[in-house]
Amino acid sequence: AQSGRKVGVALVGLGNYSESILAPALMAAKHCELKGIVTGTPRKVPKWQEKYGIADKNVYSYDTMHEAANNPDIDVMYIVTPTGVHMKYSLIAANAGKHVWCEKPMAMNVDQCQRIIDACNKNKVKLSIGYRMQHEPNTIRFGQYAASKPFGQMQSLYARAGYAGNGFPEDYWRMKKDMGGGAMYDMGVYPLNGVRYLSKMEPIAISATHDKSHPHIFKEVDETTYFTLEFANGMQADCGTSIVKSFNKARVECEKGWYELNPMSQYSGVKGLTSNGDTFAAISGMQQTLQMDNDALAIINDSPVLVPGIDGLRDIHVVEAAFKSAADNGKRIL
Ligand code: NDP
C-alpha cells in the first residue's frame, strides 16, 4: 500500500463469514478497506458491488483471481473459503504478489500449511491467519499473564468451544472431512490455539477421544472431540470442542488464583474474570476490525504480523495428532 492510503482487501469466497461479519468489519476499519471480491457465484456480484461500491475491474472468479497481480487496488487477498481449499487459493494469491490473510483453520495438514508459508516467503508477501482472538484485548491481557504471573505459577488450563447445532445438509462442506468439516477442525482450533496462546507453551503430547451421539447425522466428521494436551513441565490442558454441544470458556488455574475468558471465542461479549474479583468488560467494536487493522498496519509499517503462518501450522500439527490419537483409543502421542 502507498503511504497515506488504506490497504485494499479482496475477500475470496463470499459465504456467511465474509458477508455477515468481515465486510461490515471492514467498513469500520481505519487502515484497510474492501476493494475487491473473488467469487464462484456470479449472482452474488451485483449485490456486493452495489452495497460496497466495488469497481467492475476488482471483481474476480477463482479462475481469474491470479490476474489481480496487475491490479494496484488490491494489496491483500483474504481467503474465506472452506478449509479444504485454503491452500489452493492462498497459493494463487501469494503467486499474484498479494499479501495473504487466511482464515482458520489454516489448511488440512501440515504439508499444506508449509506450502502456504513457503509461497508467501518466496513472493515476499505477508501471511496472517484469521485467529481473531489474538487481537481481542482481554485475551491479549491474559496472554501476558503467562510472563507476569500475577497469580503465581500456572498449574492447569481448561478450554472449551462448541455450539449446539443439528448438522447441515449432507453435501455442505462442513459435513465433509476432506473439506475441513467437523468439530476439531472448525471449532477445536479455538481451545487449542487458546491454550497455546495463554500458556505461551507448545504441547508435547495429546490424547483425544471422539464422542459420537448422532452417528446417523455426522457420517464423516467428528461431532464432539475432547483432548488433553500435555506440556514439558507436566502441566495439562483439558480441552473440548463440539458442533452439537454448547460450551465456551477458557480458564487458567494458578498457584494463587485463577483467571478466565468467559466466553472465550464468541464474536462479542468476551469478558475477563479473575479470582481477585476483577472483571474486564468486553469490547464494544468488532474483533475482526481490530484484527484486520492490525494486519493492515503490519503491511503499512512492514512489521511482523501478530498471527504468522507458523502459528496456524502448529495447530494443524496437533489437530492431525488428535485424529490419530482418537483413532487409537486415545493413545498419548504427538
Ligand atoms: P460458508 O459455507 O458460509 O461460505 C464459504 C464460501 O466459500 C462459499 O459461499 C463460496 O463462496 C466459497 N467457496 C469456494 N470454494 C468452495 C467450495 N469448494 N465449496 C463451497 N464453497 C466454496 O462458510 P463460512 O463463511 O462460514 O466459512 C469460510 C471460512 O471462514 C472457513 O475456513 C471457516 O473456518 C472460516 N470462519 C472463520 C470464522 C472466524 O471467526 N474466524 C467464523 C466463520 C468461519 P462463493 O459462492 O462466493 O464462491
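The values are calculated or read from the model by the stated rules, or taken from the named source; none is laboratory data. On a predicted model such as this, the values are computed, not experimentally measured, just so you know. Using ideal geometry, Cβ is built from the backbone for each residue, glycine included, and neighbour counts are taken over all protein chains shown. The protein model used for the area step is the full one, side chains on, heavy atoms only, and it has no ligands, DNA or RNA in it. Shrake-Rupley method; radii C 1.70, N 1.55, O 1.52, S 1.80 Å.
Of the residues making up segment 132-147, those that are of a type outside the set (A, V, I, L, M) and either open to solvent by 20 Å² or more (accessible area, probe 1.4 Å) or part of a loop (DSSP other than H, G, I, E, B) (or both) number 5.
Condition check ((1) modelled with pLDDT of 95 or more; (2) touching a helix residue (DSSP H, G or I) at 6+ places or on another chain (Cβ under 7 Å); (3) among the charged types (D, E, K, R)) across all residues:
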position: R5; (1), (2), (3): no, no, yes
position: S18; (1), (2), (3): yes, no, no
position: A23; (1), (2), (3): yes, yes, no
position: E50; (1), (2), (3): yes, no, yes
position: T81; (1), (2), (3): yes, yes, no
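Scanning segment 166-194 for residues that are more than 12 Å from the ligand (Cβ to nearest atom) and either over 14 Å from I316 (Cα atoms) or of a type outside the set (A, V, I, L, M, F, W, C) (or both) gives N166, G167, E170, K177, P191, G194. Name every residue in segment 11-33 that is within 7 Å of the ligand (Cβ to nearest atom), in contact with a Ser or Thr (Cβ under 9 Å, 6 or more places away or on another chain) and open to solvent by 10 Å² or more (accessible area, probe 1.4 Å), in order of residue number. Passing the criteria: only G15.
In the set (1) within 30 Å of P191 (Cβ to Cβ); (2) more than 9 Å from the ligand (Cβ to nearest atom), V85 fails one condition alone, (2).
Filtered by the rule that a residue be surrounded by fewer than 18 Cβ atoms within 10 Å (Cβ to Cβ), more than 23 Å from Q287 (Cβ to Cβ) and among the hydrophobic types (A, V, I, L, M, F, W, C), segment 148-176 gives F168, W173.
So if I check each of V76, V12, V45, which one is of a type outside the set (D, E) and over 22 Å from the mean Cα position of the chain (by Cα)? Spell out the reasoning first.
On the way: V76 fails: over 22 Å from the mean Cα position of the chain (by Cα); V12 fails: over 22 Å from the mean Cα position of the chain (by Cα).
None of the other options fit; the residue is V45.
Evaluation of I116 against the conditions (1) assigned to a helix (DSSP H, G or I); (2) among the aliphatic types (A, V, I, L, M); (3) within 11 Å of the ligand (Cβ to nearest atom) shows that the sole unmet condition is (3). Taking the condition within 8 Å of the ligand (Cβ to nearest atom), part of a helix (DSSP H, G or I), in contact (Cβ under 8 Å) with a residue 24 or more places away in the chain and surrounded by fewer than 22 Cβ atoms within 10 Å (Cβ to Cβ), does Y62 pass? Criteria not met by Y62.
Tell me whether segment 77-95 contains one or more residues that are surrounded by fewer than 13 Cβ atoms within 10 Å (Cβ to Cβ) and more than 14 Å from A296 (Cβ to Cβ). No, segment 77-95 contains no residue that is surrounded by fewer than 13 Cβ atoms within 10 Å (Cβ to Cβ) and more than 14 Å from A296 (Cβ to Cβ). For first residues located in segment 299-312 and in contact (Cβ under 8 Å) with a residue 40 or more places away in the chain, partners that are open to solvent by 70 Å² or more (accessible area, probe 1.4 Å) and lie 6+ apart or on another chain with Cβ distances below 8 Å form the pairs I300/S3.
Filtering segment 269-288 to residues that are touching a strand residue (DSSP E or B) at 6+ places or on another chain (Cβ under 8 Å), touching a residue at least 60 places away in the same chain (Cβ under 8 Å) and open to solvent by less than 60 Å² (accessible area, probe 1.4 Å) leaves V270, G272, T274, S275, F280, A282.
Every test in (1) open to solvent by less than 30 Å² (accessible area, probe 1.4 Å); (2) within 14 Å of the ligand (Cβ to nearest atom) is passed by V125 save one, and that test is (2).
Within segment 99-126, residues that are in the same structural domain as I299 (by TED's automatic domain parsing) have Cβ atoms under 6 Å from residues that are within 16 Å of the ligand (Cβ to nearest atom) and of a type in the set (S, T, N, Q) in these pairs: V100/S90; W101/S128; C102/S90; P105/T83; I116/S90, counting only partners at least 6 apart in sequence or on another chain. Within segment 215-258, the set of residues being outside any strand (DSSP E or B), open to solvent by 60 Å² or more (accessible area, probe 1.4 Å) and free of Cβ contacts under 8 Å to residues at least 60 places away in the same chain comprises P215, H216, K219, E220, A232, N233.
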